[in-house]
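The values are calculated or read from the model by the stated rules, or taken from the named source; none is laboratory data. All figures in this text were calculated on a predicted structure; none of them were measured in a lab. Please note: Cβ atoms are built from the backbone with ideal geometry, for glycine as well, and neighbour counts cover all protein chains shown.
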Amino acid sequence: MAERPAFRGKFPSELSALGDQQYLQMVKARQRRSMKRAGLEYKKLMEKVQLYKAKGINKPIRTHVREAVILPSWIGLMFEVHNGKEFQKVQITANMLGHRLGEFAYTTKSVVHSAPGIKATRGSKFIGEK
């Protein structure tokens with residue numbers, strides 16, 4: 001299967017060859033600004049990513065930094081992003097470039113109700129369970 005363009009007409013192989021600074025010139029101003037004003041936590045995450053890639057570590061990278069912009073050098077890495085309660089696994093692919101890590105680790109779940117419980121109203125006991 002042929003490789004498809006992943007970001008602004010560029011193929012994943014071309015994007016991974018770019019440096020992070022060259023890539024940042026391609027993204028929107030909001031992402032450039034957040035990278036430029038990145039705090040200490042974000043810089044620690046960048047160092048950890050470089051360390052994992054240099055040593056070839058296959059473990060997921062655990063992080064609380066949900067606002068981190070996904071870079072081309074992260075393609076193929078596994079992250080565990082904190083959603084407020086637990087860590088959710090996120091595998092980075094080429095079509096995630098330019099998005100934030102937090103977009104792929106949802107903080108809320110859909111509510112699934114079961115049968116009416118003790119002290120339910122009289123009318124609710126006649127509703128089917130499923």
- Note on the structure: Among the residues of segment 1-33, the number that are part of a loop (DSSP other than H, G, I, E, B), without any contact (Cβ under 8 Å) to a residue 60 or more places away in the chain and of a type in the set (D, E, K, R) is 3
- Query: Within the set of pairs 6 or more residues apart or between chains, which connect a residue that is under 24 Å from Pro5 (Cα atoms) inside segment 90-115 to a residue that is of a type in the set (D, E, K, R) and not in a helix (DSSP H, G or I) with Cβ atoms less than 7 Å apart?
  - Reply: Arg100/Arg66; Arg100/Glu67; Leu101/Arg66; Gly102/Arg66; Gly102/Glu67
- Note on the structure: Considering residues that are within 8 Å of the chain's Cα centre (by Cα) and farther than 14 Å from Met78 by Cα, the number found within segment 88-99 is 1
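Yes/no matrix, rows are residues, columns are (1) assigned to a loop (DSSP other than H, G, I, E, B); (2) aromatic (Phe, Trp, Tyr); (3) exposed (fewer than 15 other Cβ atoms within 10 Å of the Cβ); (4) modelled with pLDDT of 95 or more:
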position: Asn58; (1), (2), (3), (4): yes, no, yes, no
position: Glu67; (1), (2), (3), (4): yes, no, yes, no
position: Ser73; (1), (2), (3), (4): no, no, no, no
position: Gly76; (1), (2), (3), (4): yes, no, yes, no
position: Glu80; (1), (2), (3), (4): no, no, no, yes
position: Gly84; (1), (2), (3), (4): yes, no, yes, no
position: Val90; (1), (2), (3), (4): no, no, no, yes
position: Asn95; (1), (2), (3), (4): no, no, yes, no
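So, of the residues in segment 1-43 that are within 12 Å of Gly98 (Cα to Cα) and of a type in the set (Phe, Trp, Tyr), which turns out to be surrounded by the fewest Cβ atoms within 10 Å (Cβ to Cβ)?
Within segment 1-43, the first condition is being within 12 Å of Gly98 (Cα to Cα), and the residues that meet it are 6-8, 15, 20, 23-32, 34-35.
Among the residues that remain, those that are also of a type in the set (Phe, Trp, Tyr) are: 7, 23.
Working: Phe7: 18, Tyr23: 21.
Only one residue tops the list, namely Phe7.
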